[in-house]
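K.L.:
Here it is, the structure in full.
The values are calculated or read from the model by the stated rules, or taken from the named source; none is laboratory data. Values in this document were obtained by computation on a predicted structure and should not be read as measured data. Neighbour counts are summed over all protein chains in view; Cβ atoms, including those assigned to glycine, are modelled from backbone coordinates with ideal geometry. All accessible areas refer to the heavy atoms of the entire protein, side chains included, with ligands and DNA or RNA removed. Shrake-Rupley method; radii C 1.70, N 1.55, O 1.52, S 1.80 Å.
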Amino acid sequence: EPRFLCLQGAPAVLRPFLCGRYTRDYDLVNCQPTLLLQVSKRLSWEDPNRTPTPLPKLEQWVRNRDEMIEHVAEVYGLTGSYEEKKDQAKALVTAMMFGGGVYGWVKKQGLTHVDTEHMKSPIITKLHTELQALRADVFESNEWRTHVERERARHANGGEKDAAAADRSIMACIAQDYEDAILRTMEASAKAQGWAVLSLQFDGLHLRERPD
């Protein structure tokens with residue numbers, strides 16, 4: 001897998017060996033699901049009577065992630081350590097947030113033993129439905145409608161992605177925009193408190209270690 005020669009581009013398992021003694025690593029737990037849950041309650045629409053889609057399963061993922069991870073592992077027969085199962089379950093939720101689903105996740109994870117026709121979870125099915133509705137809320141909101149229309153037109157003119165792939169990319173970029181805004185606030189706060197920020201890491205940052 002091609003990587004850039006920087007800490008952000010380095011494999012996660014390598015970073016502690018490169019800079020563990022020099023830095024403190026801070027990041028946001030469950031970042032994008034948490035942000036999207038909050039964002040859903042702050043959107044507005046042309047119809048003043050429209051209300052945000054209820055998201056009980058997304059809230060369950062945010063509030064009780066460990067239980068949800070174990071549920072995904074049990075339903076889809078995930079094996080290995082807790083961290084391995086967590087990474088696979090997170091990949092499923094991320095895929096669904098941005099327009100994917102169980103079938104694509106199973107294929108990408110190489111879960112050849114999973115029978116997607118019969119190994120279904122009502123909880124994950126409801127979460128998928130909620131995330132589809134959340135994306136519609138975001139795309140049709142006053143905050144993002146114009147941006148989405150412009151990006152859809154740009155992708156259509158470029159011809160590199162079909163409409164579904166374009167929408168997945170647009171939603172991912174919107175989530176990353178919120179994530180970046182939070183990270184920049186964290187960076188400014190750390191600097192204001194006298195800490196040296198050495199590297200930004202997706203939804204976190206590295207601060208220079210100090211003797212005190």
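K.L.:
Report ³J(HN,Hα) in whole Hz for each residue of segment 101-109, in order, from the Karplus equation J = 6.51 cos²θ - 1.76 cosθ + 1.60 where θ = phi - 60°; Gly and Pro get x.
P.N.:
Per residue, the Karplus-derived 3J(HN,Hα) values read x, 4, 4, x, 5, 4, 5, 5, 7 Hz.
K.L.:
Also, quick follow-up: Is the shape of segment 121-165 best called rounded, prolate or oblate, per the rule: a/c under 1.5 gives rounded, else a/b larger than b/c gives prolate, else oblate, with a ≥ b ≥ c the square roots of the Cα gyration tensor eigenvalues?
P.N.:
oblate
K.L.:
Further question on the same structure: Below 9 angstrom from the Cβ of LYS57, what's the summed charge of the other residues (Lys, Arg +1; Asp, Glu -1)?
P.N.:
-1
K.L.:
If amide H atoms are built 1.01 Å from N in the plane of the peptide, which residues on other chains or at least 5 residues away come under 5 Å of the amide H of GLN201?
P.N.:
It is HIS206, by chain and number.
K.L.:
What size of dipole, in debye to the nearest 20, comes out for segment 124-212 about its Cα centre when the only charges are +1 on Lys and Arg C-beta atoms and -1 on Asp and Glu C-beta atoms?
P.N.:
With only Lys, Arg, Asp and Glu charged at Cβ, the dipole is about 120 debye.
K.L.:
Now, a different point. Given +1 on the Cβ of Lys and Arg, -1 on the Cβ of Asp and Glu, and no further charges, what dipole in debye does segment 1-96 carry about its Cα centre, rounded to the nearest 20?
P.N.:
320
K.L.:
Next question. Net charge near ILE174: determine it from the other residues with C-beta under 12 Å of the C-beta of ILE174, scoring Lys and Arg +1 and Asp and Glu -1.
P.N.:
Surrounding charge for ILE174 is -4.
K.L.:
Name the most mobile residue of SER40, SER81, SER169, meaning the one with the largest mean-square fluctuation, in a Gaussian network model of the chain with Cα contacts below 10 Å.
P.N.:
Evaluated over the chain, the most mobile residue of the options is SER81.
K.L.:
Another one. What net charge is computed for the residues neighbouring THR23, neighbours being all others with C-beta under 11 Å from the C-beta of THR23, Lys and Arg scored +1, Asp and Glu -1?
P.N.:
With Lys, Arg at +1 and Asp, Glu at -1, the neighbours total +3.
K.L.:
In whole percent, what relative contact order does segment 96-212 give with Cα contacts below 8 Å and a gap of six or more residues?
P.N.:
Result for segment 96-212 is 19 percent.
K.L.:
I'd like to check one number: the per residue accessible area of the chain, probe 1.4 Å, reported in Å² as a whole number.
P.N.:
61
K.L.:
Ok, one more. From the backbone phi of segment 83-100, what are the Karplus-calculated ³J(HN,Hα) couplings (6.51 cos²θ - 1.76 cosθ + 1.60, θ = phi - 60°) in whole Hz, Gly and Pro given as x?
P.N.:
These are the phi-based 3J(HN,Hα) values: 4, 5, 5, 4, 4, 6, 5, 4, 5, 5, 5, 4, 4, 5, 4, 10, x, x Hz.
K.L.:
Let a ≥ b ≥ c be the square roots of the eigenvalues of the Cα gyration tensor of the chain; is it rounded (a/c under 1.5), or, if not, prolate (a/b larger than b/c) or oblate?
P.N.:
oblate
K.L.:
5 Å is the cut-off here: which amide hydrogens, built 1.01 Å from N in the peptide plane, fall below it relative to THR23, excluding neighbours closer than 5 in sequence?
P.N.:
Close amide H contacts, sequence-distant or interchain: GLU209.
K.L.:
Give a residue-ordered list of calculated ³J(HN,Hα) values for segment 195-212 (Karplus: 6.51 cos²θ - 1.76 cosθ + 1.60, θ = phi - 60°; whole Hz; x for Gly, Pro).
P.N.:
These are the phi-based 3J(HN,Hα) values: 8, 8, 8, 8, 7, 8, 10, 6, 10, x, 8, 9, 9, 5, 5, 10, x, 8 Hz.
K.L.:
Also, I was wondering about something else. Only Cα pairs under 8 Å and at least 6 apart count here; give the relative contact order of the chain as a rounded whole percent.
P.N.:
Dividing the mean separation by the residue count of the chain yields 31 percent.
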